[in-house]
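Step one of this worksheet: look at the structure below.
A short reminder: the numbers here are calculations on the coordinates, not readings from a lab. Keep in mind the model is a prediction, meaning the values are calculated, not measured.
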């Protein structure tokens, strides 16, 4: 991966996922209810990235109320 990839939207019930090269795995989360949703979003992202065998990437998630399966699909794409 040599450049930034963005997928998703800012629509309600969706999320925008940005993936770009990095020196190590980093997960950045922006959500309206940080304390409530951030840990779950981080868990989903980390599990998907691990299953894909990716180690050196930054994954940014801008959450708009997306359910886990939406986040999972966006990260996989």
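Computed values, structure above
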quantity: Mean-position separation - Cα centroids, the range 61-76 and the range 19-43, in angstrom; calculated: 11 Å
quantity: Shape parameters for the range 1-46, alpha-carbon atoms, Rg then Dmax in Å; calculated: 11.7, 33
quantity: Theoretical gain in end-to-end length, residue 51 to residue 72 [0.36 nm per residue, Cα-Cα removed]; calculated: 6.4 nm
quantity: Beta bridges per DSSP with both ends in the chain, % antiparallel, nearest 5; calculated: 70 percent
quantity: Stretch gain in nm, segment residue 6-residue 20, where the contour uses 0.36 nm per residue and the Cα spacing is subtracted; calculated: 4.2 nm
quantity: P(r) weight above 14 Å for the chain, C-alpha pairs, percent; calculated: 55 percent
